[in-house]
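A.B. asks: Next up is a structure, given as structure tokens.
The values are calculated or read from the model by the stated rules, or taken from the named source; none is laboratory data. Just so we're clear, the structure is a prediction, and the values are computed from it rather than from any experiment. All Cβ positions, even for glycine, are placed from backbone atoms using ideal geometry, and neighbour counts span all protein chains on display. Accessible surface areas use protein heavy atoms only, side chains included; no ligands, DNA or RNA. Shrake-Rupley method; radii C 1.70, N 1.55, O 1.52, S 1.80 Å.
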Amino acid sequence: MIWLIVATALYRLWGAWAIDLVIGEAYYLSSARQLHLGYFDQPPMFLWVIWLTKTLTGSEAPIILRLPFILMFAGATWMFYRIGARFHSERAGLFTAIIANIPILFTLSIGSWMQPEAPLTLLWLFVVWLLMDVFFGPQKRSDLKSWLLIGLVLGLTFMSKYHAVFLLYGAGLFAIFNKDARKWIFSPGPYLAIGVAAIVSLPVLIWNMQNDMASFAFQGGRALGDQFRPEWLLRMIGGQLVYMTPWIALPALWVGAKALFKGPTATYPSDTPNGMSFFFVMLAHGPILFFTAVAAWSDTQFHFHWQAPGYMMLFPILGATTAILWTKYRKTMFAWLAIGAFLSTLVMTVLISHTITGWAQDFFPGEEDPTSGALRWTELEDYFVQEGVFEQDNVFIAGVFWTECGMIDNVVRGKLPLACLSGDPRNIAFNIDLTEHEGKDAYIAAVMFSDQSVINGLLPFFEKVERVGEVTINRFGRLAMKPVRIFKASKLQPNHELESINAKSFDLMMLPRTQISRLEGTLNAASEINETVQLFLGEQLVGEVKMSGSTQSFDIQPLRNWGVGIRVQTLRVETASGVNVLLDSLKTTVSD
């Protein structure tokens with residue numbers, strides 16, 4: 001078993017050394033430059049690990065930053081082995097661990113990259129191990145200690161990724177359906193565990209309460225949609241099969257379905273504890289079915305890894321089935337595992353080698369190469385050095401979309417403040433208070449959006465925006481992606497000061513993570529009136545102004561109207577009588 005852990009870890013270390021940070025990792029590194037209690041789109045555990053690794057080592061080398069995550073998956077491989085062995089036999093444990101290391105998703109992404117899935121996988125399996133103690137025995141500690149430990153590890157799992165709720169859901173369903181486990185419904189133990197998990201998870205809740213439940217709203221919003229899109233559903237089904245590799249995913253789903261139909265107390269496959277395979281299926285089906293179904297109405301894009309915790313709960317059943325068939329069909333089972341491992345390794349080696357050299361462009365030319373997302377924008381760094389940007393005072397760097405902002409950060413690396421001037425800046429918005437940079441200039445790099453789109457999007461916040469340069473990103477002498485265009489924006493202006501508006505409403509452009517804390521201005525009417533005028537910011541009534549005459553000043557401190565990304569706040573005037581009252585002048589004070 002040790003040979004498997006060592007061999008797979010060495011392969012992952014090679015990949016971690018060979019390629020630079022991919023888009024998601026660069027974004028997460030940017031997010032982790034500052035230590036926060038919580039973060040926008042994920043719980044904080046893995047980002048704390050990145051921050052701690054960078055702080056202790058003083059290095060941002062990809063292999064150093066990825067090392068803790070590779071070690072975590074090495075630990076997860078051991079847990080796969082132990083769970084499979086406990087389920088059936090030592091051979092089944094070995095096969096379970098081998099199966100877990102075959103899918104491309106587990107070997108390349110979850111097992112190698114600095115993402116939330118590595119700690120999630122390790123801690124999830126640890127919770128499963130502890131639940132096996134209380135549901136199936138033998139009891140290694142008192143009931144109280146067992147449930148307290150489950151609560152502790154469950155809380156840490158939730159601190160890794162919100163997927164941990166499926167552990168609670170699956171274990172609860174098993175307790176309902178399995179007559180031997182049903183006694184725990186009436187025991188204080190599980191509820192004590194939930195309480196401990198909630199306490200451990202408090203940083204997530206506190207951060208969300210401090211930031212308008214932003215993380216919960218973002219992740220919950222991804223499950224929303226208003227129309228049935230079968231092509232999205234088919235994309236999700238096909239994508240997860242590719243990520244899990246069909247030669248693992250399809251057999252795993254097959255044995256999982258058989259275990260489900262065998263029932264909650266059945267022994268399946270043979271020589272396994274009663275109901276344990278059903279326990280695994282209860283933990284597996286939630287993530288698989290939920291995230292697959294959501295894709296039918298929500299554009300989940302290419303997040304085919306969301307089902308991974310569900311699939312990995314089917315691996316012990318597949319491992320035990322393989323061990324049973326091994327005695328009779330050894331050559332067939334060996335060929336299946338060997339060919340599967342070979343094909344996955346071959347695909348990943350091809351991907352890694354192309355990412356390094358770009359050799360496949362000779363055979364498959366085209367503008368869009370997804371592996372370009374693993375290239376460091378060294379040429380952009382060279383531009384900033386040559387232009388002396390890093391030496392300038394009163395300057396910050398920015399991007400205009402979160403994926404590009406992460407790649408820019410991988411060049412800037414803390415030399416200057418980094419902003420993500422986007423409607424979707426995600427975690428990066430929380431690393432900078434743009435109101436503290438009023439009057440400063442910014443250098444902005446962009447790839448995705450056109451020049452005019454970038455300039456138009458930035459002009460509401462700066463006195464002037466102009467394109468000043470362009471760099472090409474190369475890989476072994478080949479053009480690897482679209483050029484990175486560079487803009488200079490002069491004098492950031494987070495506040496607004498306007499005269500002669502003469503309108504019933506006015507759109508105010510807001511920077512990321514800001515709000516209007518004060519509104520000052522004047523109202524005009526065509527004739528003298530005596531009426532109460534209401535001012536709305538969006539749909540929120542922010543103040544009432546008693547108007548006596550044709551002109552009236554106002555000074556209002558609105559309620560909280562904070563938002564994460566760039567957005568429009570519309571200030572409008574309304575009167576009960578319908579008389580025409582217009583905004584004349586306006587001055588806003590913006591805060592974080």
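A.B. asks: Name the strands (runs of 3 or more DSSP E) wholly inside the stretch 480-569 in which the number of residues that are of a type in the set (D, E, K, R), open to solvent by 20 Å² or more (accessible area, probe 1.4 Å) and farther than 30 Å from Asp451 by Cβ is 2 or more.
C.D. replies: The qualifying strands (runs of 3 or more DSSP E) are 515-537, 540-556.
A.B. asks: Which of the residues that make up the stretch 240-256 are open to solvent by 10 Å² or more (accessible area, probe 1.4 Å) and within 19 Å of Gly84 (Cβ to Cβ)?
C.D. replies: Residues satisfying the conditions are Trp247, Pro251, Leu253, Trp254.
A.B. asks: Scan the stretch 146-165 for residues that are touching a Leu at 6+ places or on another chain (Cβ under 7 Å) and part of a helix (DSSP H, G or I) and report the count.
C.D. replies: Total meeting the criteria: 12.
A.B. asks: Across the stretch 104-145, what is the total count of residues that are part of a helix (DSSP H, G or I), of a type in the set (A, V, I, L, M, F, W, C) and either in contact with a His (Cβ under 8 Å, 6 or more places away or on another chain) or closer than 22 Å to Thr245 by Cα (or both)?
C.D. replies: Count: 10.
A.B. asks: Only residues in the stretch 290-301 that are charged (D, E, K, R) count as the first member; pair them with residues that are open to solvent by 30 Å² or more (accessible area, probe 1.4 Å) and part of a loop (DSSP other than H, G, I, E, B), Cβ under 8 angstrom, at least 6 apart or cross-chain, and list the lot.
C.D. replies: Asp299/Gly225; Asp299/Arg229
A.B. asks: Out of the residues in the stretch 77-94 that are of a type outside the set (Gly, Ala, Ser) and open to solvent by less than 10 Å² (accessible area, probe 1.4 Å), which is farthest from Asp133 (Cα to Cα)?
C.D. replies: If we take residues in the stretch 77-94 being of a type outside the set (Gly, Ala, Ser) and open to solvent by less than 10 Å² (accessible area, probe 1.4 Å), then Thr77 is farthest from Asp133 (Cα to Cα).
A.B. asks: Hey, any hits in the stretch 116-126 for a residue that's over 19 Å from the mean Cα position of the chain (by Cα), closer than 27 Å to Pro251 by Cα and at pLDDT 95 or above?
C.D. replies: Yes, the stretch 116-126 has at least one match.
A.B. asks: In the stretch 219-239, which residues are surrounded by fewer than 16 Cβ atoms within 10 Å (Cβ to Cβ), part of a helix (DSSP H, G or I) and not small (Gly, Ala, Ser)?
C.D. replies: Gln219, Pro230, Glu231, Leu234, Ile237 - these are the residues of the stretch 219-239 that are surrounded by fewer than 16 Cβ atoms within 10 Å (Cβ to Cβ), part of a helix (DSSP H, G or I) and not small (Gly, Ala, Ser).
A.B. asks: Is it the case, given these coordinates, that Gly340 is outside any loop (DSSP other than H, G, I, E, B), closer than 14 Å to Ile248 by Cβ and touching a Gly at 6+ places or on another chain (Cβ under 8 Å)?
C.D. replies: No.
A.B. asks: If you don't mind, another one. Out of (1) in contact with a Lys or Arg (Cβ under 7 Å, 6 or more places away or on another chain); (2) under 19 Å from Pro483 (Cβ atoms), what's the single condition that is false for Val395?
C.D. replies: Going through the list (1) in contact with a Lys or Arg (Cβ under 7 Å, 6 or more places away or on another chain); (2) under 19 Å from Pro483 (Cβ atoms), Val395 breaks only (2).
A.B. asks: Under 6 Å between Cβ atoms, at least 6 apart or on separate chains: pull out the pairs that start in the stretch 16-40 with a residue that is acidic (Asp, Glu) and end on any residue that is open to solvent by 20 Å² or more (accessible area, probe 1.4 Å).
C.D. replies: Taking only residues 6 or more apart or on different chains, the pairs are Asp20/Pro62; Asp20/Arg376; Glu25/Trp113.
A.B. asks: Could you list, ordered by first residue, the pairs with Cβ atoms under 9 Å in which the first is in the stretch 326-349 and free of Cβ contacts under 8 Å to residues at least 40 places away in the same chain and farther than 22 Å from Leu241 by Cβ and the second is outside any helix (DSSP H, G or I) and of a type in the set (A, V, I, L, M, F, W, C), at least 6 apart or interchain?
C.D. replies: none
A.B. asks: Can you find even one residue in the stretch 298-309 that is under 18 Å from the mean Cα position of the chain (by Cα), more than 23 Å from Phe80 (Cα to Cα) and outside any loop (DSSP other than H, G, I, E, B)?
C.D. replies: No - not one qualifying residue is present in the stretch 298-309.
A.B. asks: Looking only at the stretch 570-592, filter to residues that are part of a strand (DSSP E or B) and closer than 21 Å to Ala398 by Cβ; which one of those is least open to solvent (accessible area, probe 1.4 Å)?
C.D. replies: Checking each candidate, the answer is Val590.
A.B. asks: Could I ask something else about it? Six or more apart or on different chains, Cβ under 7 Å: which pairs go from a residue in the stretch 427-438 that's within 13 Å of Gly38 (Cα to Cα) and touching a residue at least 40 places away in the same chain (Cβ under 8 Å) to one that's in a helix (DSSP H, G or I) and open to solvent by less than 20 Å² (accessible area, probe 1.4 Å)? Could you list them?
C.D. replies: Listed by first residue and then by second, the contacts come to Asn427/Ser31; Ile428/Ser30; Ile428/Ser31; Ile428/Cys405.
A.B. asks: Could I ask something else about it? Consider Ser187 carefully, then state whether it is touching a residue at least 24 places away in the same chain (Cβ under 8 Å) and surrounded by 18 or more Cβ atoms within 10 Å (Cβ to Cβ).
C.D. replies: Against the criterion (touching a residue at least 24 places away in the same chain (Cβ under 8 Å) and surrounded by 18 or more Cβ atoms within 10 Å (Cβ to Cβ)), Ser187 does not qualify.
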